[in-house]
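The values are calculated or read from the model by the stated rules, or taken from the named source; none is laboratory data. What you are looking at is a predicted structure, and each value in this text was computed from that prediction instead of being measured. Because the Cβ atoms are built from the backbone with ideal geometry, glycine has one as well, and the counts that use them run over all protein chains shown. In case anyone asks, the SASA skips ligands and DNA or RNA and just uses the protein heavy atoms, side chains included. Shrake-Rupley method; radii C 1.70, N 1.55, O 1.52, S 1.80 Å.
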Amino acid sequence: MHDKSNRLCAKLSSAFLRKWWFVIAFALSLLVLGILVTFGFTTLVRTVINHQVALRKGGQSFGWWSKPPVEPMIRIFVYNVTNADEFLNNGTKPILDELGPYVYIETWEKVDIVENSNGTISYNQKRVYIFNEEMSQGLEDDVVIVPNIPMLSATSQSKHAARFLRLAMASIMDILKIKPFVEVSVGQLLWGYEDPLLKLAKDVVPKEQKLPYDEFGLMYGKNSTSKDRVTVWTGVDDITQYGIIDKYNGRSHQTHWSTEQCNRLNGTDGSIFPPHITKNTTLFVYEKDLCRLLPLKFEKEVTVKNGVQGFRFTPSPDVFASVEKNKDNLCYCPAGPPCAPNGLFNVSLCQYDSPILLSFPHFYLADQSLRTAVEGISPPEKEKHQLFIDVQPVANFPDIVFPILWFEEGVDSLPDEILDLMKLATTVPPKAKYVLTIALFSLGGCLFLIAVICLVRKSHRQSTLHLEGSNYLASAAVDQAKKKAKMESGSHQH
């Protein structure tokens, strides 16, 4: 064993590591590097990620952001009213037949992209919807009977007008044979149809007061490039602002609500979020149809395709709660009371005063009396239901929140290329940090220990040689003294 350690020390000191100070310095360098990896590796990885995800033209994340390599789809369910006449004439409970889904494949793209000098980037959103007959349970030509929203909007806005104006409005509707319900195809309901009232308003209303559309459709104008100009932070200068809206159509705040807090726009469009999200993070998404920020909070951990781990964020249960249950929602009721019922959100102010309420589908998280006021809507399911549109009660229409449709929109799965990269980014750095830390500390520690042992042995060997040399010199001196004494003794005898 002693010979083996000596041979090891000899090898270390003979080839590349002739100087023992170099061995110790190299070992200490490995140990210091191990300490740096232990405490600084995560920061380094974050710095690299921040640099890569920031929106820079030519960067990979910029390409994915501007034209996502995904295939989003929207599934739309329409409520067909099967007893409209009985409901209007006899006050019987409405009977609804849920039709669908009508499935559209979407293409998302950001166009007219301009980089600004203050670290923001501006764009317009382009969306194209293509009907997928194979995935749908029905055709766009399916005929449905639904509430006549333009008529209900007109009567709602005129109910506080002078009596002669309301009579005139009623006469016009009678002449034009406009009824509270309209029979249209699913395609017309979604993408637009020519409405007599809108056509009349186009010819009569002054130019500066005209509505921004010529036809009515619940998704009218969305199958094109949006006119809304959005400016977001790129994250180049401050990664915590990555994807956050700076301006929307040139404004940093909305004007519909009663407080500055509720009028804020500083959320994302929902397609990207700042990196390094934790379970305590609250995400804010600006939803144009709501004209407000929608807060999302952590619900649970999930595992998606390819084993990628993630967090699921959902709106809090009181996001559409009544003012009595959530006082923070008072700012969204500037014209009230009365305010929206519990579980509904009044978007009239940002939808040209149309009497429209938004809710989760099947009145999820709302008072169930709203669902039981009609027949044909099954109880809500948490994992399935999101948003749908309600019509507010108006004059000459029974006091009821009338559901028209609900939809679910999203991406079923990301491409393998993105999932593999996400898995690489989430699993490799922790493993690399662990392996590097163990390797550096082990190698550095071993080299340092061997160097110390070899130095001690070398020092001990040199001390032994020095002592042996001293003994040899002392013995030689004694022998010489003895010889000298002997020679002197011999001379005296003579």
* Asked: So, in nm, how far is label Lys199 from label Asp238 when the simple model puts each one 7 Å beyond its Cα toward the Cβ?
  -> 5.3
* Asked: Using the scaling law 2.2 N^0.38 Å as the reference, what is the normalised Cα Rg of the stretch 250-337?
  -> 1.26
* Determine, for each peptide in 316-327, 340-351, the mean count of other beta carbons within 10 angstrom over its residues, then list the peptides with the highest first. => 340-351, 316-327
* How much length is gained on full extension from Asn83 to Lys382, taking 0.36 nm per residue of separation minus their Cα-Cα distance? -> 104.7 nm
* Calculate what fraction, in whole %, of the accessible area of the stretch 241-308 sits on carbon and sulfur atoms when a 1.4 Å probe is rolled over the protein chains. => 49
* Could you give the length gained on full extension between Lys57 and Ile450, defined as 0.36 nm per residue of separation minus the Cα-Cα distance, in nm? -> 136.2 nm
* Ranked highest first by the average count of other Cβ atoms within 10 Å around their residues, in what order do 145-152, 182-189, 377-384, 328-335 fall? -> 145-152, 182-189, 328-335, 377-384
* Among residues other than Glu287 whose Cβ falls under 12 Å from its Cβ, what is the net charge (Lys/Arg +1, Asp/Glu -1)? -> -1
* What whole number of Å gives the distance from the Cα centroid of the stretch 23-85 to the Cα centroid of the stretch 251-293? -> 20
* Could I have the simple spin-label model distance between Thr282 and Arg312, label points 7 Å from Cα toward Cβ, reported in nm to one decimal? => 2.2
* Structure fact -> The extension gain from Asp112 to Glu299, computed as 0.36 nm times the residue separation minus the Cα-Cα distance, is 63.7 nm
